[in-house]
Amino acid sequence: MTESVLTLNDGHRMPQLGLGTLHLDGAADVVDQALSIGYRHIDTASLYRNEEAVGRGIRRSSVAREEVFVTSKLHNSDQGYQSTLDAFQTSRALLGLDYLDLYLIHWPAPRLDRFVDSWRALVELRERGWVRSIGVSNFRLQDLDRIITEVGVVPAVNQIELHPSFAQPELQEEHRRLGILTQAWSPLGGRDDLQEGVIAQIADETGRTAAQVIVRWHLDSGRAVFPKSANPGRLRENFAALEFALNDDQVRRIDALDRGNRTGGHPDQVGNP
Ligand code: A2P
């Protein structure tokens, strides 16, 4: 089973299916295990307080560093030009890596109003070669417009909450228009989505599990996706979503489940002073 790979708007390549690491107990072991299963994309953040363990897991594994796509994210409290440059070096040191594949502004924190300066710092980090690709997370349409207008650099990705009952179609459409890759966080949508009747039906039709159907829906829709699990069986189960495909009708039936069911933090609020 080989990873499917996406090309970003800066020409760099990203394995489409990765491992999320928020609230992941024993992150070093899980990362090592995921790499041995075949995962080649690991997503962490300063906010998760596990960069050191994630780095240890990568070093412990037999997979070469160049074969792993590693993302981290700027903590809200480090927003601002110089503080972003400094925070990046802390993350890089904790991970124990020469360079990062992707660095994201974690939340826009609109009332803090420093994300334009933070974005300028990410551009600088990329120019200096510390990070290959730069992007944002949880940015709203107006935040994307601001960084693009004021800095002139389009992010490679916007990582947003996205699952069947919360699909953010307008934002996804704007990403397509701008050439920004949509990355999905909380991709399984918890019980609400894993136990949804339509998902169960499609799991029956395909002979797959509900989680595999949802992961596959992200893959077939062209998004990057990183379900997380500390359970080796589930890590394998989720990775095996690479082995099959949904048909257009099945993708459309899952698209129709969107009902604006946000389950995580709201970008208007998170990180504000
Ligand atoms: P666990 O770590 O016990 O496996 P998301 O990535 O959308 O945030 O979802 C993560 C949650 O979904 C975790 O609670 C994880 O629990 C659970 N999970 C991950 N993979 C599966 C799976 N294949 N089937 C059911 N639940 C899963």
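Observations on the model:
- Rounded if a/c under 1.5, otherwise prolate or oblate - the chain, Cα gyration tensor axes: oblate
- Amide H within-cut-off set for I105, under 5 Å, with H built and near neighbours excluded: L74, G135, V136, S137
- Under 14 Å, Cβ to Cβ, from F115 - net charge with Lys/Arg +1 and Asp/Glu -1: -1
- Antiparallel DSSP beta bridges within the stretch 140-266, as percent of all bridges there, nearest 5: 10 percent
- Here the stretch 18-129 is treated with +1 on each Lys and Arg Cβ and -1 on each Asp and Glu Cβ, and its dipole about the Cα centre works out to around 60 debye.
- Computed magnitude of the charge dipole of the stretch 140-273 (debye, nearest 20; Cβ of K, R +1, Cβ of D, E -1): 360 debye
- For the stretch 266-273, putting each phi into the Karplus relation 6.51 cos²θ - 1.76 cosθ + 1.60 with θ = phi - 60° gives couplings of 9, x, 5, 10, 4, x, 6, x Hz, in residue order, rounded to whole numbers and with x for Gly and Pro.
- Here the chain carries DSSP beta bridges of which approximately 15% are antiparallel, counting only pairs with both residues inside.
- Packing around the peptides 86-96, 5-15, taken as the average count of other Cβ atoms within 10 Å per residue, puts them in this order, highest first: 86-96, 5-15.
- Charge tally in the Cβ shell below 13 Å around Q168, where Lys, Arg are +1 and Asp, Glu are -1, Q168 excluded: -1
- A cut-off of 5 Å between modelled amide H atoms, ignoring neighbours fewer than 5 places along the same chain, links A45 with N50, K73.
- Over the chain: helical MRE at 222 nm, DSSP H runs n ≥ 4 each giving -39500 (n - 2.57), nearest 500: -12500 deg cm²/dmol
- 12 Å beta-carbon shell around S229, net charge (K/R +1, D/E -1): +1
- Couplings 3J(HN,Hα) for the stretch 237-242, derived from phi with the Karplus relation 6.51 cos²θ - 1.76 cosθ + 1.60 (θ = phi - 60°), are 4, 5, 5, 6, 4, 6 Hz, where x marks Gly and Pro.
- Global form of the stretch 78-236, assessed from the alpha-carbon gyration tensor, a/c cut-off 1.5: prolate
- In sequence order, calculated HN-Hα J values of the stretch 38-54 (Karplus, 6.51, -1.76, 1.60; Hz; x Gly/Pro): x, 4, 10, 8, 10, 10, 10, 6, 4, 4, 7, 6, 9, 4, 5, 5, 4
A short reminder: the numbers here are calculations on the coordinates, not readings from a lab. Values in this document were obtained by computation on a predicted structure and should not be read as measured data. Note that we place each Cβ from the backbone using ideal geometry, even for glycine, and neighbour counts take in every protein chain shown.
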